[in-house]
1. Could we say that Ser282 is in contact (Cβ under 8 Å) with a residue 40 or more places away in the chain, small (Gly, Ala, Ser) and part of a helix (DSSP H, G or I) here?
2. Take the range 316-348 and flag every residue that is hydrophobic (A, V, I, L, M, F, W, C) and open to solvent by 50 Å² or more (accessible area, probe 1.4 Å).
3. Exactly one condition in (1) within 30 Å of Glu314 (Cα to Cα); (2) out of contact with any Gly (no Cβ under 8 Å at 6 or more places or on another chain) is not met by Arg205; state its number.
4. What number of residues in the range 186-229 are outside any helix (DSSP H, G or I) and closer than 26 Å to Thr117 by Cβ?
5. Among the candidates Ala44, Ala15, Ala116, Ala88, which residue alone is open to solvent by less than 10 Å² (accessible area, probe 1.4 Å) and either in contact (Cβ under 8 Å) with a residue 60 or more places away in the chain or touching a Pro at 6+ places or on another chain (Cβ under 9 Å) (or both)?
6. Can you name the residue in the range 38-74 that is more than 9 Å from the chain's Cα centre (by Cα) and among the hydroxyl-bearing types (Ser, Thr, Tyr) and, of all such residues, is farthest from Glu179 (Cα to Cα)?
7. For residues in the range 47-74 being buried (at least 24 other Cβ atoms within 10 Å of the Cβ) and not hydrophobic (A, V, I, L, M, F, W, C), which is modelled with the lowest pLDDT?
8. Report every pair of residues separated by at least 6 positions or lying on different chains whose Cβ atoms are under 7 Å apart, first residue within the range 289-315 and open to solvent by less than 90 Å² (accessible area, probe 1.4 Å) and charged (D, E, K, R), second assigned to a helix (DSSP H, G or I) and modelled with pLDDT of 75 or more.
Amino acid sequence: MFYKKSGQFKTSYDADQAMLPLLQERISIFVILAVAFLVIPLVATTYVINSLLMPFLIYSLAAVGLNILVGYCGQISLGTGGFMAVGAISAWNIIERIPDMPVLAAFLLAGFITSATGVVFGLPALRIKGFYLAVTTLAAQFFLIWLLQQPWFLNYSATGVISAQDISVMGWTINTPVEKYLFVLVVVIVMTLLAKNIVRSVTGRKWMAIRDMDVAAEIIGIRPMATKLQAFAVSSFFIGIAGVLWGYLYLGQLEPAAFDVYVSFDVLFMVIIGGLGSILGSFLGAAFVVLMPLALSFLGGILGLGTAMVAYVETFTFGVLILLFLLAEPHGLAHILSVAKQQMRIWPFPY
């Protein structure tokens with residue numbers, strides 16, 4: 001009965017188009033944010049912050065960016081890791097080579113550079129689709145990693161690894177795990193709100209029209225070329241910011257090899273498991289992919305399995321889950337949650 005919406009009538013267009021139309025949803029979001037900002041920094045250990053919360057938040061942002069392209073616009077991409085590397089390495093070079101460059105401005109500029117890179121590699125989407133587009137973006141993944149491993153981008157580092165510069169925002173130097181967590185949390189919330197509003201706008205509806213049937217969309221006046229490139233640009237911007245956060249706030253060092261093809265597959269798994277075309281699904285998929293290896297490691301320790309066996313079980317489990325979600329629940333965890341909410345609305349009645 002808690003989730004009933006009876007009596008919550010809309011009396012204006014603004015209320016009807018609200019992002020969270022139900023009071024229960026607004027209360028839930030408020031409670032989640034209160035716990036994230038007030039409780040977790042006080043009670044979470046360094047291990048929890050570094051090993052669970054930071055990867056979850058950054059992966060969620062990368063999944064949101066990929067979901068814009070794959071879930072909302074219907075364009076396949078396997079180059080997420082490469083675009084994350086572009087964002088991270090671009091931010092380092094901007095700060096290193098431009099004196100007195102503000103950190104936030106450098107991060108935003110790195111996002112725009114990644115966005116432009118996404119547009120360049122999105123040009124084949126104007127002529128090809130499906131499997132061929134996936135192969136093209138996979139080639140972009142390998143090309144970008146190779147390009148960013150060139151000595152100039154890494155300041156001629158002998159090891160191929162460069163240390164991330166200190167992050168200082170308006171005199172606040174971010175050093176401790178809690179400070180890094182709060183910074184990442186604020187960035188992810190702001191970017192998520194931006195993504196949610198974009199997909200609810202005219203731009204988002206154009207993307208979904210292209211996804212559902214590009215020929216029909218073109219007939220009603222939507223320009224496929226501009227719309228697809230716009231999706232690549234916006235998606236790459238979000239992924240580039242996620243790459244910056246991954247390199248600066250999580251790893252603390254920058255290495256193109258850290259953004260290999262496995263990162264691209266992980267983010268794609270998050271989108272598939274969480275739900276295509278769902279912002280919430282991106283967070284659910286990221287939580288699942290981050291928590292499942294830890295759960296399997298814990299279970300393997302109880303059963304006495306070796307590290308290699310746990311790795312095999314993890315890979316096997318991922319493959320099985322991808323098949324199950326594609327066959328049984330193609331809309332992912334977000335759709336399961338939506339069905340549960342709908343059942344709560346009509347309970348205890350069967351209609």
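1. On the way: in contact (Cβ under 8 Å) with a residue 40 or more places away in the chain: yes; small (Gly, Ala, Ser): yes; part of a helix (DSSP H, G or I): yes.
Taking the combined requirement at face value, the residue satisfies it.
2. Let us first name the residues in the range 316-348 that are hydrophobic (A, V, I, L, M, F, W, C), namely 316, 318, 320-328, 333-334, 336-337, 339-340, 344, 346-347.
Passing the criteria: Phe316, Val320, Leu323, Leu324, Leu326, Leu327, Ala328, Ile336, Leu337, Val339, Met344, Trp347.
3. Here Arg205 clears every test but (1).
4. 3
5. Exactly one of Ala44, Ala15, Ala116, Ala88 is open to solvent by less than 10 Å² (accessible area, probe 1.4 Å) and either in contact (Cβ under 8 Å) with a residue 60 or more places away in the chain or touching a Pro at 6+ places or on another chain (Cβ under 9 Å) (or both), namely Ala88.
6. Of everything passing the filter in the range 38-74, Tyr72 is farthest from Glu179 (Cα to Cα).
7. Top of the filtered list is Gly71.
8. Pairs found: Glu314/Pro293; Glu314/Leu296.
The values are calculated or read from the model by the stated rules, or taken from the named source; none is laboratory data. Note that the structure is predicted; figures quoted are calculated from it, not measured. Cβ atoms come from the backbone with ideal geometry, glycine included; neighbour counts cover every protein chain shown. SASA here: full protein model, heavy atoms, side chains in, ligands and nucleic acids out. Shrake-Rupley method; radii C 1.70, N 1.55, O 1.52, S 1.80 Å.
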